[in-house]
1. When Leu92, Leu87 are ordered from fewest to most other Cβ atoms inside 10 Å of their Cβ, what list results?
2. Within the stretch 49-141, which trypsin sites (Lys or Arg not before Pro) sit in a loop by DSSP and count at most 14 neighbouring Cβ atoms inside 10 Å?
3. Roughly speaking, what is the stretch gain from Ala118 to Trp106, that is 0.36 nm per residue apart minus the C-alpha to C-alpha distance, in nm to one decimal?
4. Could you work out how much longer the chain between Val98 and Glu191 gets when fully extended? Use 0.36 nm per residue separation minus the Cα distance between them, nm to one decimal.
5. Under the 0.36 nm per residue contour assumption, what length would be gained going from the current alpha-carbon distance of Arg9 and Asp34 to full extension?
6. Under 1.5 on a/c is rounded, so check that first for the stretch 93-186, then, if it is not, pick prolate when a/b is larger than b/c and oblate when it is not; a ≥ b ≥ c are the square roots of the alpha carbon gyration tensor eigenvalues.
7. Tell me which chymotrypsin sites (Phe, Trp or Tyr not before Pro) from the stretch 159-214 have a DSSP coil assignment and no more than 14 other beta carbons within 10 Å of their own.
8. What does the highest-first list of 39-46, 7-14 look like by mean Cβ count within 10 Å?
Amino acid sequence: MSGEFTIRRAHADDRDALYAVCLATGRDGGDASDDFEDPELLGHRYVGPYLALEPELSFTLADDGGPCGYVLGTADSERFYRRFLDLWIPPLRARLAVPTGDASGWSADERLWAELRAPTVLLPKDRENYPAHAHIDLLRRAQGCGLGRRMMTTLLEALAAQGAVGVHLGLSPRNERARGFYHALGFREIEPEREDRETLLMGRSLQGIGSAGH
Ligand SMILES: CC(C)(COP(=O)(O)OP(=O)(O)OC[C@H]1O[C@@H](n2cnc3c(N)ncnc32)[C@H](O)[C@@H]1OP(=O)(O)O)[C@@H](O)C(=O)NCCC(=O)NCCS
């Protein structure tokens, strides 16, 4: 696929393609399609709520093959997760069966659905300085040519314009590439509010973004 890439606000029509990006990058940056029976579950957790609750902070990367990446975020993580539970989850409840019995026997779908109903959110210990958070995923055809930096810069500028003083994000400690990318964009490891071996938190200040450049 050749073509020009464009970054634009996400449309409601992008939903299916962006859910597919989420699944194609959902296993430590690689394809998670074999991990889930329901291909939409990961998108319900990491894409849908941002498109619905934070449309001003949802950006799509597209080329002539269609949407091939996203960067999504919120300026106020605590408010976002409250609205996630109050507004985003209730309509899904009717569609997804509640897992029962011993959690150690649950499938990946059941574990994720349980997680959706009661997200195990990991916030920074220093919430005041990192109130915003972000997610970015690009399909392979868009990776490694500067588009991640452009996408993240677009979001950081939008977060700063909304008054956020800093941003954090969580990643798998196994995703070395993402860690290198975030480091190149000025993120550093920050202390989480509690121990979590499955998630590494990184954060950066938004001071000066959108004014003196970055
Ligand atoms: C991680 C990801 C968003 C990076 O986007 P990208 O377009 O591939 O990265 P870019 O080409 O814009 O690179 C931006 C900078 O990061 C640096 N970088 C990228 N990968 C790096 C690595 N492994 N180690 C060190 N630096 C790295 C680049 O050298 C570049 O630096 P520069 O701008 O100073 O020259 C993208 O590869 C991706 O979506 N991967 C799959 C999904 C994923 O892992 N998402 C993150 C989940 S937490």
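Laboratory data are not the source of any read-out in this text; all were calculated from the coordinates shown. As the structure is a prediction and not an experimental result, all values here were calculated from the model. Note: ideal-geometry Cβ built from the backbone for every residue, glycine included; neighbour counts use all protein chains shown.
1. Least to most surrounded, the residues fall as Leu87, Leu92.
2. Those that pass, being in a loop and sparsely packed, are Arg95, Lys125, Arg127.
3. Length gained, Ala118 through Trp106: 2.8 nm.
4. Contour length minus the Cα-Cα distance gives 30.2 nm.
5. 6.0 nm
6. Here the stretch 93-186 falls in the prolate category.
7. none
8. 39-46, 7-14
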